[in-house]
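Any read-out appearing in this document is the output of simple, stated calculations on the displayed coordinates, not a laboratory observation. The model shown is predicted, which means the values in this text are computed figures rather than measured ones. Neighbour counts are summed over all protein chains in view; Cβ atoms, including those assigned to glycine, are modelled from backbone coordinates with ideal geometry.
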Amino acid sequence: MALKDAFGLTYSGATEAGFPSYARAVHELQCFIGDPVAAIDRAIADDPGFVMAHVFKGYLFGLATEREATAVARTCHEAAAPLAGTTREQAHVAALGHLAGGRWHEAARIVEDIAIDNPLDALALQVGHQIDFFTGNARMLRDRIGRALPAWQRGMPGYHAILGMQAFGLEEMGDYARAESFGRQAVEIEPRDGWAQHAVAHVMEMQSRQRDGIAWMRANPEAWTKDSFLKIHNWWHLALFHYDLGEIDEVLRLYDGPIYGDRSTLALNMVDASAILWRLNLGAVDVGDRWAVLAANWAPKAAAGNYAFNDAHAMMAFVGAGLGEPAGDLLEAQREAMRGHDDNAAFTRDVGHPLTLAVKAFGEGSYTDTVRLIRPIRSIAHRFGGSHAQRDVIDLTLIEAALRSGDGPLARALTAERALARPDSPLSALFSRRAADLSEN
């Protein structure tokens, strides 16, 4: 008889030996803590025919946005495909196949249908939510979870994760009050839920509530940092609050400590490191040899060309460190990617390549070219993934380029726009003063 979980979902090939490790992996992923890869490997070792264990591992690697990890995802798909499973499980196998093949949108549609039929399938919801994030689909970040929410109730395993995902989706759609409420409820239930913690931080970032954000992040850092593989991103959020306040020394302290003190070579962590240093670069802050260290870790990935969002952040590091060769390799990899048939071809063509060229132009002092390249992509920048907070670096680069190019009318227009969107931001006020000074000179 096939094993069923607390929600009545069937798990083909699972036994009492391997299922506890699977359940542990699910919990760890929902909190972004521990080592879900190790847990799922134990489940596979105990139950080699456990379909969803192979699928789960494939999802972990398929969502890593690393070329080497994608190869592991394909291997997991190959292991899962011949195993007998339910209709739901075979749909998961198909979704993994699309994800491993770079067909993000098709994978998202399949797990969407899985969750419509099985709203208590927490893995389908979380994988779909992550794909929505990586493809910049704000509406589905909200609605994918909102559709399933009525089936969930307090006390169910993983309920906190559903609330945390709903919080982030609401935030990305601008529903800040409800987003904060959902996020706080999730953290109250499970203080170690790093995704819910970060959803509330996003609310405060978008509302320019820097002091509230600092207080939120510093209230219980042990909860969201201990054994967390999302901690660097959450430290990044704390650094953003200090950056907006002009507290550069604290930003650098955070960078040298919890953000990049360990010099991670994971793309997801290097993206955060690049994003912080680039913001400082826009403000003409001398960051010493930090660019060189980061760029050296980006260099082996320069020719990957598998995720445009990463490419743009890698170029920031190459520009900051003055490295022409890996910058050239990266652009060639993008040109090759645009000839492909996976979703990254469109990510790169629509947003990633022009943005990467704009970053390079900025580094060369070609501010007019930076403006020319960025302006057409601002309204479609979500297509290459990330959050509003992450993509804000595009607007920041455009504003700084307009100021440095001496284009007074554009600088005034852009800074007025930002002041309206973020009226309580000290950075908005600084930009406005600089634009006004430009018009007087």
Whole-Å distance, taken between Cα centres, linking the range 105-132 and the range 1-77: 16
Three-way shape label, the range 317-377, alpha-carbon gyration tensor, a/c 1.5: oblate
Long pairs among LYS4/LYS301; LYS4/LYS231; LYS226/LYS301; LYS57/LYS360, criterion Cα-Cα beyond 31 Å: LYS4/LYS301; LYS4/LYS231; LYS57/LYS360
Student exercise, the range 268-353 dipole from Lys, Arg, Asp, Glu Cβ charges, in Debye to nearest 20: 100
Length gained when the stretch ARG263-ASP342 is fully extended (0.36 nm per residue, less Cα-Cα span): 25.4 nm
Extreme residue, positive dipole direction of the range 351-400, given options VAL393, SER379, VAL359 (C-beta unit charges): SER379
Dipole of the chain [Lys/Arg +1, Asp/Glu -1 at C-beta], most positive-end residue of ILE33, TRP152, MET206: MET206
Sequence ranges 132-142, 37-47, ranked by mean other-Cβ count within 10 angstrom, highest first: 132-142, 37-47
Simple Cβ-charge dipole of the range 44-159, Lys/Arg +1 and Asp/Glu -1, about Cα centre, in debye nearest 20: 360
Segments 5-14, 161-170 sorted - mean Cβ within 10 Å per residue, highest first: 161-170, 5-14
For q = 0.14, 0.20, 0.22, 0.23 Å⁻¹, Debye-computed log10 I/I(0) when each Cα of the range 206-323 counts as one equal scatterer: -0.57, -1.10, -1.27, -1.34
Equivalent ellipsoid semi-axes - Cα gyration tensor, the range 333-440, angstrom: 28, 16, 9
Dipole of the chain [Lys/Arg +1, Asp/Glu -1 at C-beta], most positive-end residue of ALA436, MET315, ALA6: ALA436
